[in-house]
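What follows draws every value from the coordinates through simple rules; no lab data is involved. Values in this document were obtained by computation on a predicted structure and should not be read as measured data. In this analysis, Cβ positions are derived from the backbone assuming ideal geometry, glycine residues included, and neighbour counts consider all displayed protein chains.
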Amino acid sequence: MAQVNYDAWPDEYEAAVSITFDDGNDTQLNVAVPELEQRGFRGTFYLSCGGDDWRARLEPWVPVHERGHEIGNHTVGHTCSRNFKDGPGATGLEDMTLEEIEADVLEAERRLGELFPRETRSFAYPCYMTHVGTGEGRQSYVPIIARNFIAGRGYGEYGFSNSPHNCDLAHLWSTPLEHMRGEQIVGLADLNLRRGRWEIFTLHHIGGARLGTAPTEFNALLDWLDRHRERVWVAPVAEIAQYLRDEVQ
């Protein structure tokens, strides 16, 4: 029988959940934020801040930040693997150095700090990818995130969440929810509760899209969390990571 981690959490909580969103889009502002706030929940929204218009694009998120949601770091350029692209001459993480990726995330942090100041912030690896270079020269940039952020959100083995005692805060496991049915999402949340762990859910669009989650399925998760609010701690990634670093690990 798996060891249960109920004693790791504050107050009477038995488990934790963070609801995270990547890339920033209108469905997050217009659907996800109101649905979260209707139930008194706060999420983590990972925003990239590239382009000359970065400030104008991010300004609509200032009130979201001011209401207690976390605005997380998702780099300036949202660079992923060049293997997503077809044809010769493509570039991506394989062509970057550790120094270049660190400069990118620190510039993103400088920009985010102007609009969304906070003591601690978490980071999400674009496309869940944590490397630069290729072959024998491939290197992890997880240590860079560990130096500069309270936590980094990556990708996890399906069906497993984060042990409060054993997770690597710089490379937390998450579960993407695109095209997943509400019954499946709730089943994962219930499994997490029974094991006393920290589940991080990742969403992109609320609605029909390549990485979309239907509003009804999203609300199924929120309604389940609402029914179990006395047992499950729902909070942004940086807040839970700070607690684990200070009190558990």
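Here are the numbers for the structure shown:
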{"quantity": "Selection from the range 90-117 of residues that are surrounded by fewer than 14 Cβ atoms within 10 Å (Cβ to Cβ) and among the basic types (Lys, Arg)", "calculated": "ARG110"}
{"quantity": "Filtered residues of the range 155-170 (kept if within 20 Å of LEU188 (Cβ to Cβ) and surrounded by 21 or more Cβ atoms within 10 Å (Cβ to Cβ))", "calculated": "SER161, ASN162, PRO164, CYS167"}
{"quantity": "Any hit, the range 14-36, residues being touching a Phe, Trp or Tyr at 6+ places or on another chain (Cβ under 6 Å) and farther than 21 Å from ARG210 by Cβ", "calculated": "yes"}
{"quantity": "Complete set of residues in the range 13-69 that are of a type in the set (Lys, Arg), in a helix (DSSP H, G or I) and surrounded by 13 or more Cβ atoms within 10 Å (Cβ to Cβ)", "calculated": "ARG57"}
{"quantity": "Count of the range 70-85 residues which are under 18 Å from TYR141 (Cβ atoms) and either part of a loop (DSSP other than H, G, I, E, B) or touching a His at 6+ places or on another chain (Cβ under 6 Å) (or both)", "calculated": "8"}
{"quantity": "Selection within the range 140-172 - assigned to a helix (DSSP H, G or I) and either under 13 Å from the mean Cα position of the chain (by Cα) or free of Cβ contacts under 8 Å to residues at least 12 places away in the same chain (or both)", "calculated": "ARG147, LEU169, ALA170, HIS171"}
{"quantity": "Single condition ARG195 does not satisfy, out of (1) within 17 Å of SER18 (Cα to Cα); (2) within 17 Å of the chain's Cα centre (by Cα); (3) in contact (Cβ under 8 Å) with a residue 40 or more places away in the chain", "calculated": "(2)"}
{"quantity": "Exclusive hit being free of Cβ contacts under 8 Å to residues at least 40 places away in the same chain and more than 14 Å from the chain's Cα centre (by Cα), set ASN30, ASN25", "calculated": "ASN30"}
{"quantity": "Subset of the range 212-249 [among the hydrophobic types (A, V, I, L, M, F, W, C), farther than 25 Å from ASP168 by Cβ and not in a helix (DSSP H, G or I)]", "calculated": "ALA214"}
{"quantity": "All positions within the range 173-192 that are of a type in the set (A, V, I, L, M, F, W, C) and without any contact (Cβ under 8 Å) to a residue 40 or more places away in the chain", "calculated": "TRP173, MET180, ILE185, VAL186, LEU188, LEU191"}
